[in-house]
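Structure record follows, encoded as C-alpha cells.
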Amino acid sequence: MAVDETKAVPLILKPGEMSLHHVRLVHGSPPNPSEDRRIGFAIRYIPTHIRQLEGEDSASLVRGTDRFRHFELEPRPDSEMAPEMLALHKRNAERSARILYRGTDVASFNDPQAVRG
C-alpha cells in the first residue's frame, strides 16, 4: 500500500513526552541525533482466541482466563531486574525478531540492518 506523504502531519514531541497510536498508523521518526537513547515501548492487547501465524510467541495474561493457550504464558516478575526475567526477555526478544524479520537478512533487533534511517 502506498503512503501519500503529502498528507503527513508532524507530531513533534518534547523530551519526556510520548505518543499513543494504533498499530496500523504509519509512523516514523528520523535518526536520534542526541547522545541519549530513544526508548520505544509497545503494548498490544489481544483476546486470548487470537494466535500468532508465524512462529511461537509469548504473552502476559492481564485479565480473565486463557482457554486457548496460543501463547506461552509469561510469568509475573517477582523483583526488578531479576536475572531469570532478563534471560526470558532476551529469549523472547530474539524470538520476536525472528518472527518480525523473517525472510530478511536481519538477525536481531540489535542488528545494524534493522536500524532504518
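The values are calculated or read from the model by the stated rules, or taken from the named source; none is laboratory data. Note that the structure is a prediction, hence the values are computed from the model and not measured. Counting neighbours? That spans all protein chains shown, and the Cβs are built from the backbone with ideal geometry, glycine included.
Tell me, which residue of the stretch 33-75 that is surrounded by 10 or more Cβ atoms within 10 Å (Cβ to Cβ) and among the polar types (S, T, N, Q) is farthest from PHE109 (Cα to Cα)?
The residue in question is THR48.
I need the full set of residues from the stretch 14-31 which are within 30 Å of ARG95 (Cβ to Cβ) and either modelled with pLDDT of 90 or more or loosely packed, with under 10 Cβ neighbours inside 10 Å (or both), in order please. Walk me through how you get there before you give the answer.
From the stretch 14-31, those within 30 Å of ARG95 (Cβ to Cβ) are 18-31; that's our starting set.
Listed by number, the residues that qualify are MET18, SER19, LEU20, HIS21, HIS22, VAL23, ARG24, LEU25, GLY28, PRO30, PRO31.
For the stretch 76-91, which positions are among the basic types (Lys, Arg) and surrounded by fewer than 10 Cβ atoms within 10 Å (Cβ to Cβ)? I'd like the intermediate steps shown before the answer.
Residues of the stretch 76-91 among the basic types (Lys, Arg): 76, 90-91.
ARG76, the sole residue that qualifies.
Taking the options THR6, THR65, THR48, name whichever one is in contact with an Asp or Glu (Cβ under 6 Å, 6 or more places away or on another chain) and either on the phi < 0 side of the Ramachandran plot or in a loop (DSSP other than H, G, I, E, B) (or both). Give the steps one after another, and end with the answer.
Working: THR6 fails: in contact with an Asp or Glu (Cβ under 6 Å, 6 or more places away or on another chain); THR65 fails: in contact with an Asp or Glu (Cβ under 6 Å, 6 or more places away or on another chain).
It is THR48.
Would you point out the residue of the stretch 32-54, among those that are more than 23 Å from ARG98 (Cβ to Cβ) and charged (D, E, K, R), that is modelled with the lowest pLDDT?
ARG38
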